[in-house]
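To start, the structure itself, in C-alpha cells.
The values are calculated or read from the model by the stated rules, or taken from the named source; none is laboratory data. Note that this is a predicted model, so its numbers are computed, not measured. Counting neighbours? That spans all protein chains shown, and the Cβs are built from the backbone with ideal geometry, glycine included.
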Amino acid sequence: MKNRKLLILLILGFILGCSSPKELTMPFYNMDYTGDRLFPIESNKDIKVFRAWLNLSTSVERVITVSVDSDSTYNGTLIEFGKHYRKNILKKGYSPSKVFYRKNSIEPINGFENFFAYLSELELISLKDRDEVEILPHEPVALLVIEYKDRDDYNQFRFHFTYRDIEEDTRDEYDKIRYFLIDEFYHNFRFD
C-alpha cells in the first residue's frame, strides 16, 4: 500500500513536472535597467535617438536603434524577432519551426558621427506619414516606422515601399531613408 502511494506520487510529480516553460520572476534583473529594450524613445534621456522598425515582407521583424548620450557615447542595437519556417514535405509547404528573439550591437558602416550628420540633412523632424501606395498581393511591400528624437524634438512617421530600382535623381525623402538604412546596416541582417 505504501509503495502504491509512493508510485502514484512519483507519477503525479513526473506529469506535473513536465509542464510547459514558465516565466520566472527575477527580482535583481532590473537593477541596472537602461531602457535599451524597446523603451519609447520619446522619453529616452539620450540626446539623439533614431529607431527604425522594419517589416521587410519576411517572417522576421527588425528594429534598429542608434543613439548618442550626453557623454557623446554612441550605441547601436539591432533586434530581430519572428518565426523560422521549415520545409514540410507532408503538407507541401512551410510550417513554423520556432519563434526567436536576437539582440546584437551594431555600428553604421560610415560611423556614428556620419550617420547622425546625414540624419540631420534628411530633416526627419518635419516628415509625416507617406501617402499609401497600392499594395498588391503578389508583390512584397515593406513597412518602415521611423522614430527620431533630437533633444526635445520628437517625430514618428511611417511609409511603405516596394522593391523596385529607383534612379538617384528621382528619390524622395522616404526613398533616401530606405537606401540610407540599407547602405548602413544591410550587412547586419541575417536571412536564415
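Structural remarks
- Identity of the residue in the range 125-139, of a type in the set (A, V, I, L, M, F, W, C) and under 22 Å from the mean Cα position of the chain (by Cα), that ends up nearest to residue 58 (Cα to Cα): 127
- Test result for residue 111, at pLDDT 90 or above and not aliphatic (A, V, I, L, M): yes
- Exactly one residue among 117, 142 is under 19 Å from the mean Cα position of the chain (by Cα) and modelled with pLDDT of 75 or more, and that residue is 142.
- Failed item in (1) modelled with pLDDT under 85; (2) assigned to a helix (DSSP H, G or I); (3) surrounded by 13 or more Cβ atoms within 10 Å (Cβ to Cβ), with residue 15 passing the rest: (3)
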